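The values are calculated or read from the model by the stated rules, or taken from the named source; none is laboratory data. Remember, it's a predicted structure, so these values are computed and weren't measured experimentally. Methodologically, a virtual Cβ is constructed for each residue, glycine included, from the backbone with ideal geometry; neighbour enumeration extends over all protein chains shown.
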Amino acid sequence: MRTNGAVQSADLRWALRAAVAGDVEPIAELRAVVMRADLERLGRYDGHRVRQRLRDSFSTRYTSVVTVEGDFAGCVTLRPAETGSALLEHFYLEPRYQGRGLGSAVLRELLGRADARGEDVRLNVLQGSAARRLYERWGFVLETEDAVDVFMVRPSPVMNA
């Protein structure tokens, strides 16, 4: 439900705002925290690298900051992909907001935007990540995978109707 530019999800009043250059470091730090357990499980955690990969691909043009009652709660990037579809990446929520319906609420908003443009949405998630279940609930299906990443796509219901 929308209320004055914000959206309520369960007990959370949340909103998306455009990212600014000053958001890069808090987002890089959040990425390191959120991805650490999965990367360690895969034997691939490097604190510097996990932050630098975010810095190298950060885009204020396509990144949104998720706020809950005005406080930083996470981020998400939805950018055009070379295939003519949209690429969903850097979707991280502060651990205290996970499992409370916020991820689904944000996905509902972003997928609605992509659907309005008739775009498929692609993403990748680490092997064994709990986030994969969230994406599958929202219609993402396996496209391909390797030892580290699972590449998924959600076909546009508009284009495939």
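Quick notes
- Any hit, region 107-121, residues being more than 24 Å from residue 144 (Cβ to Cβ), in contact (Cβ under 8 Å) with a residue 40 or more places away in the chain, surrounded by fewer than 20 Cβ atoms within 10 Å (Cβ to Cβ) and among the small types (Gly, Ala, Ser): yes
- Residue count, region 113-155 (criterion: part of a loop (DSSP other than H, G, I, E, B) and in contact with a Lys or Arg (Cβ under 8 Å, 6 or more places away or on another chain)): 6
- Being closer than 16 Å to residue 34 by Cα and not small (Gly, Ala, Ser) holds for only one residue in 111, 134, 123, and it is 134.
- Considering 55, 31, the condition of being more than 17 Å from residue 124 (Cβ to Cβ), basic (Lys, Arg) and either at pLDDT 95 or above or surrounded by fewer than 12 Cβ atoms within 10 Å (Cβ to Cβ) (or both) is satisfied by 55 alone.
- Region 78-96, residues that are touching a strand residue (DSSP E or B) at 6+ places or on another chain (Cβ under 6 Å) and either buried (at least 21 other Cβ atoms within 10 Å of the Cβ) or among the acidic types (Asp, Glu) (or both): 78, 86, 88, 89, 90, 91, 92, 93, 94
- Of the listed requirements (1) at negative phi; (2) within 14 Å of the chain's Cα centre (by Cα); (3) touching a residue at least 24 places away in the same chain (Cβ under 8 Å), residue 136 misses just one: (3).
- Of the residues screened, residue 69 is one that is of a type outside the set (Gly, Ala, Ser) and in contact with a strand residue (DSSP E or B) (Cβ under 8 Å, 6 or more places away or on another chain).
Conditions tested, residue by residue: (1) in a helix (DSSP H, G or I); (2) without any contact (Cβ under 8 Å) to a residue 24 or more places away in the chain; (3) charged (D, E, K, R).
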| position | (1), (2), (3) |
| --- | --- |
| 38 | yes, no, yes |
| 44 | no, no, yes |
| 61 | no, yes, yes |
| 73 | no, no, no |
| 76 | no, no, no |
| 82 | no, yes, yes |
| 89 | no, no, yes |
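- For residue 38: the one exception among (1) in contact with a Phe, Trp or Tyr (Cβ under 9 Å, 6 or more places away or on another chain); (2) more than 18 Å from residue 126 (Cα to Cα): (2)
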